[in-house]
Structures are given as structure tokens and as C-alpha cells.
1. Say whether the condition of being over 17 Å from V55 (Cβ atoms), under 12 Å from the mean Cα position of the chain (by Cα), surrounded by 14 or more Cβ atoms within 10 Å (Cβ to Cβ) and not aliphatic (A, V, I, L, M) is met by at least one residue in region 82-98.
2. Is there a residue in region 39-49 that is surrounded by 16 or more Cβ atoms within 10 Å (Cβ to Cβ) and over 22 Å from I106 (Cβ atoms)?
3. Name the residue that is surrounded by the fewest Cβ atoms within 10 Å (Cβ to Cβ), counting only residues in region 50-68 that are more than 15 Å from the chain's Cα centre (by Cα) and among the small types (G, A, S).
4. Quick one: is R129 out of contact with any Gly (no Cβ under 8 Å at 6 or more places or on another chain) and either surrounded by 13 or more Cβ atoms within 10 Å (Cβ to Cβ) or in contact (Cβ under 8 Å) with a residue 24 or more places away in the chain (or both)?
5. How many residues does region 102-120 hold that are assigned to a helix (DSSP H, G or I) and in contact with a Lys or Arg (Cβ under 7 Å, 6 or more places away or on another chain)?
6. Applying the selection to region 110-119, what residues are under 18 Å from K93 (Cβ atoms) and either exposed (fewer than 13 other Cβ atoms within 10 Å of the Cβ) or hydroxyl-bearing (S, T, Y) (or both)?
7. Of these, L64, L123, which one is out of contact with any Lys or Arg (no Cβ under 6 Å at 6 or more places or on another chain) and free of Cβ contacts under 8 Å to residues at least 12 places away in the same chain?
8. For region 19-41, give me each residue that is part of a helix (DSSP H, G or I) and either in contact with an Asp or Glu (Cβ under 6 Å, 6 or more places away or on another chain) or in contact (Cβ under 8 Å) with a residue 40 or more places away in the chain (or both).
Amino acid sequence: MEPFGRPDAAEMRAYADELRATFTRLHQEAPALHEKARAVQVTEKSRDGLISATVGPRGDLIRLDIDPRVYRRPDSRELADSITETVHRAAEKARERVVELFEPLIPAEQMAAHLDGDLERVLDQMAGRMLGKG
């Protein structure tokens with residue numbers, strides 16, 4: 001490594017080779033992984049078991065089931081909070097499953113940053129790799 005943290009030509013070449021190999025693997029394997037990711041569905045139950053929420057890979061609500069026993073306690077705020085919390089837990093698990101699917105090709109933290117739409121974190125990770133810090 002050169003002074004001031006600047007990579008030398010060999011390090012840059014090695015990183016470029018690594019990027020090329022990763023791109024080739026992505027090009028070959030990503031379509032199948034993408035199909036698997038699109039098929040992800042996660043179902044979670046509320047803590048009391050009266051709410052069941054199924055979400056897709058982006059956390060989009062696919063199905064919501066409410067046990068009729070929920071009406072024994074007619075508290076609309078509690079019901080709304082329980083639904084929201086259950087859907088959020090299901091969405092987080094779906095996100096984790098998508099990250100796991102792509103982990104053989106994309107580091108988990110990088111994939112998570114992409115899914116979060118955190119461009120700054122993605123660019124910081126790439127810069128760190130280019131500079132030999134990750």
C-alpha cells in the first residue's frame with residue numbers, strides 16, 4: 001500500500017479482477033436467485049396468535065388473517081398496533097431471507113444496504129474495498 005492510504009496499481013488490478021469475476025458470477029447466477037427472491041413469502045403471527053400476516057420479498061402485504069376472537073377485546077388501537085407490528089416482523093424476516101439468498105454472490109451487508117436504499121453506505125463499502133479496507 002502506498003503512503004496516505006492510496007492503493008498501488010497491483011491492488012487496484014486485483015480489485016478490478018475481483019469485480020470482473022463477481023460480475024461474471026452475478027450475470028450467470030443472479031437470474032435464478034432473483035426468481036427465488038421474488039417467490040419469498042413470510043408469514044408471522046401476532047404475539048397473541050390472533051393476527052397472521054403474510055408478506056412478499058419487499059415486505060408487501062399479501063394476506064392478513066384476523067381471528068374472530070379479536071372482537072372479544074374491542075380495542076381498535078391495540079388491534080391496529082398488533083397488525084402493524086406483525087407485518088413489520090414478517091417484512092424484516094422476508095428482507096433477511098432475500099439477503100441470505102444473495103449472500104453467495106453479494107456480501108450480506110452490501111445487499112442489505114442496497115435493499116435499504118442506502119446509497120451512501122453502498123458507496124462507502126465499495127470505496128473501502130477499492131482502498132483495501134474490506
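1. Here is the first cut: in region 82-98, the residues over 17 Å from V55 (Cβ atoms) are none.
Among the residues of region 82-98, not one is over 17 Å from V55 (Cβ atoms), under 12 Å from the mean Cα position of the chain (by Cα), surrounded by 14 or more Cβ atoms within 10 Å (Cβ to Cβ) and not aliphatic (A, V, I, L, M), which makes the answer no.
2. The answer is yes, given that some residue of region 39-49 is surrounded by 16 or more Cβ atoms within 10 Å (Cβ to Cβ) and over 22 Å from I106 (Cβ atoms).
3. Within region 50-68, the subset more than 15 Å from the chain's Cα centre (by Cα) is 50-54, 61-68.
Right, trim to among the small types (G, A, S) and you get 52-53.
Details: S52: 16, A53: 25.
Selected residue: S52.
4. Values: out of contact with any Gly (no Cβ under 8 Å at 6 or more places or on another chain): yes; either surrounded by 13 or more Cβ atoms within 10 Å (Cβ to Cβ) or in contact (Cβ under 8 Å) with a residue 24 or more places away in the chain (or both): yes.
Answer is yes for this residue.
5. So the count comes out to 2.
6. Result: D116, single match.
7. Working: L64 fails: free of Cβ contacts under 8 Å to residues at least 12 places away in the same chain.
Every option except L123 fails the conditions.
8. T22, R25, L26, E29, A30, L33, K36, A37
Read-outs throughout are calculated quantities, based only on the coordinates presented, and are distinct from any laboratory measurement. None of these values were measured; they are calculated from a predicted model. Note that we place each Cβ from the backbone using ideal geometry, even for glycine, and neighbour counts take in every protein chain shown.
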